[in-house]
1. Largest first and in whole Å, what are the equivalent-ellipsoid semi-axes of the range 99-196 based on the Cα gyration tensor, each being the root of 5 times an eigenvalue?
2. Go ahead and collect, in residue order, the members of the range 198-222 whose backbone nitrogen is under 13 Å from a label point 7 Å along the Cα-Cβ direction of residue 169.
3. Would you mind working out the accessible area per residue for the chain, using a 1.4 Å probe, and quoting it in Å²?
4. Straight distance only, please: which lysines reach the Cα of residue 101 with their own Cα at less than 22 Å, same-chain residues fewer than 8 apart left out?
5. Quick one: what do you get for the range 150-238 if you divide its Cα Rg by 2.2 N^0.38 Å?
6. Taking H placed 1.01 Å from N in the peptide plane, check which residues at least 5 places from residue 110 or on another chain put their amide H under 5 Å from its amide H.
7. Evaluate the Kirkwood expression for the hydrodynamic radius of the range 1-119, namely the inverse of the mean inverse distance over all pairs of different C-alpha atoms, and round to one decimal in Å.
8. Over the chain, what is the mean sequence separation of C-alpha contacts under 8 Å (at least six apart), divided by residue count, expressed as relative contact order in percent?
Amino acid sequence: MVASGKGGTGKSTLSVYLGARLAAHGARVLLVELDSGLRSVDIIAGVCGKTVYDIEDILSGRCEADKAVVESPLYPGLSVVSAPYSGGEIRAGALRVLAGKMSGCFDIVLLDTAAGLGAPFLAAKSVAGMGLVVITPDTVTMRDGRIVADELFAAGLPSVRLVINRVSVGPFAKNPVKDLDECIDTVGAQLIGVVPQSAELAAAAACGGPLPENILAFAALDNIARRILGEEVPLAVR
Ligand SMILES: Nc1ncnc2c1ncn2[C@@H]1O[C@H](COP(=O)(O)OP(=O)(O)OP(=O)(O)O)[C@@H](O)[C@H]1O
Ligand SMILES: [Mg+2]
């Protein structure tokens, strides 16, 4: 599951691109967006206009699960279930049943939650084996990231990892938090990767275009995907 305390840290964007890189390494990946009423994964994954059914339709029994699964035309191996345009509270029990069904067809199910500790977060944490807490390098998302990480530790998730997103790099970089160690210490979870601030990434996400492969953010996301798959990939923060 991908979570954050504050909104807008990059959960949905990173969920799609991590899913894409996990799939590129051979995993069959399903990304389920749980942010009812505020969907965005369909645009980023290039499936906007291709979805008829959503996660709420599946969980309430209005359609079979496979009807709502749409393959991304941009990223082979990545399939998406969108959140509804409006309404619908994600129920933990129903999500657990769905995750059980899907585990036979997919190697990895990514759950993109809504910010905070509401129903999508609670449902996801009841089924997840790994929690990725996404923060940006500023004091507010750090503090709220700590609250989310603590909830995941308390729930007994086998693995809770920190992603620091939108880190400025280069000679004139200005991050609100100077030292990334401060982010790690505040959140209290092991770092799994740092994703740089990237205009190319933001542009690709906004229009549902493919993520360019020649940018640092692509390499950072690929490294995180490989770490999730169990590879030893050194942390190289430039
Ligand atoms: N590394 C990055 N570089 C530049 N822009 C980024 C980066 N990551 C995310 N963004 C941008 O930040 C904005 C918020 O991202 P996103 O919607 O993925 O956040 P979110 O955590 O899912 O938000 P919400 O809490 O509302 O669901 C988007 O405009 C996205 O393009
Ligand atoms: Mg989101």
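The values are calculated or read from the model by the stated rules, or taken from the named source; none is laboratory data. This one's a predicted model, so the numbers in the text were calculated from it and none came from an experiment. Cβ atoms come from the backbone with ideal geometry, glycine included; neighbour counts cover every protein chain shown. The area values use the complete protein model at the heavy-atom level, side chains included, leaving out ligands, DNA and RNA. Shrake-Rupley method; radii C 1.70, N 1.55, O 1.52, S 1.80 Å.
1. Each semi-axis is the square root of five times an eigenvalue, giving 27, 15, 11 Å.
2. Of the residues in the range 198-222, 198-201, 214-222 have backbone N under 13 Å from the label point off residue 169.
3. On a per-residue basis, 44 Å².
4. 67, 125
5. Output field value: 1.19.
6. When sequence neighbours closer than 5 places are left aside, the close amide H contacts are 30, 31, 32.
7. Working: mean 1/r = 0.0715 Å⁻¹.
Taking the inverse mean of 1/r over all distinct Cα pairs, the range 1-119 comes out at 14.0 Å.
8. 24 percent
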